[in-house]
Amino acid sequence: MKKLFLKQSIFYTLFFALLLTSCKKENDKINDQQQSTSENVQIEDDSNSTATKAEVKESVPPAIQENGFYNAFPIPKDKKQRDSLYAIFSKKYNERERYAILALNRLDSKSKWNSDTLVVPAKIDTTLMAYSPFPMQLDVLSDVKKFVVFSYPIQAYAVYSNGALVKWGPTSMGKKTAQTTRGLMFANWKKKLAISTVKSEWKLPYNFNIHNTGGIGWHQYDLPGYPASHSCLRLLMKDAMWLYNYADTWILNPGGATKKANGTPVIVFGDYPWGKRKPWRNLLNDPNSNNISVEEMTNLVKPHVEKMIAEQTNREKVSDSIKAAKAMEAQAPTEEPEVSN
């Protein structure tokens, strides 16, 4: 009992020391920023280097470059210690902040302790946009109204509207033995509550199919902090609901046997570093380590832009013709029935 008490005492002493150190770093960071504000403004005003400006635009959102760094939040294996730590975690961060921290670690609340270390930003942005690994603007997509992309390497998705990043978040894609299909696909059909074809017990809220023959789609399901699905793209509930309402479905011909128009374009790309350190852990050493450059994204998307725009134009024409037909049908005069004397 004395040994156990001694171990627990050492653990809590080290942990509170870590929290104090973290707080000190945050304060020092703020002080340093305040002292150097005028210098930074002068540097920015005097800078005429287009190369420097391009590098800033292409590497990372401004919020990360100016304010961002990450701390490690260690999680013990012992359940009682984890429970005590969760109480501290809950006191230090509110519900929205905890949600954001878990999302950065590709976790949901159910799997919150499915890790030995949480990567925690010193400055919490509950929208996650300050930590986006995706470029904030992609000019190559300026004519594409809706686009969704999933990155296998960093287990994250992004949404672009006319080239502007409007949302990003965590995902859990296909495990090594059941990997998600890569390449360009299009959103097909959707269902608020689908049943898995692998196991009927698996309920899949806000399912949106993107590969009809393969049965692949995005939907809400557990995010354990690594690729774990049977090829689908798992999302947090809020993200699944948002994407469910955002993306466009296909349009089928009468009878439903053939497709008349495609839905929102979706690209899945890259490979996960199987058996290696989780990519988001690298943020502890380099806050830009997960970033995908403008050049990389442009090279990925550019070969598909022509097809995406063609499919988008076709869908708009089909949709407009359907609306026009319905409007004409609604305006058509109804024949009065003959009345016999």
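The values are calculated or read from the model by the stated rules, or taken from the named source; none is laboratory data. A quick note: this is a predicted structure, and the numbers were derived from the prediction, not measured. Every residue, glycine among them, receives a Cβ derived from its backbone with ideal geometry; neighbour counts consider all protein chains shown. What goes into the accessible areas is simple: the full protein's heavy atoms, side chains included, and nothing from ligands, DNA or RNA. Shrake-Rupley method; radii C 1.70, N 1.55, O 1.52, S 1.80 Å.
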Measuring from its Cα centre, segment 137-217 shows a charge dipole (+1 at each Lys and Arg Cβ, -1 at each Asp and Glu Cβ) which, in debye to the nearest 20, is 340 debye
Under 5 Å from the placed amide H of GLY169, counting only residues 5+ away or on other chains, we find TYR157
With the 1.4 Å probe rolled over protein heavy atoms, segment 161-211 has an accessible area per residue in Å² of 47 Å²
The whole-number value in µm²/s of the Stokes-Einstein translational diffusion coefficient for segment 272-316, with Rh from the Kirkwood sum over alpha carbon pairs at 25 °C and 0.890 mPa s, is 184 µm²/s
For the VAL198, ASP83 Cβ pair and Förster radius 35 Å, calculated FRET efficiency rounded to 0.05 is 0.60
Computed over segment 180-243, the distribution of all Cα-Cα distances in 10 Å bins, rounded to whole %, is 22, 59, 18, 0
By accessible area (1.4 Å), largest first, LYS123, LYS199 order as LYS123, LYS199
Expressed in square angstrom to the nearest 10, the accessible area of LYS176 with a 1.4 Å probe stands at 130 Å²
If each K or R counts +1 and each D or E counts -1, the residues other than SER321 whose Cβ falls under 13 Å of its Cβ total +2
Along the dipole axis of segment 71-134 (charges at Cβ: +1 for Lys and Arg, -1 for Asp and Glu; origin at the Cα centre), the most positive-end residue among LEU85, ALA100, ASN71 is LEU85
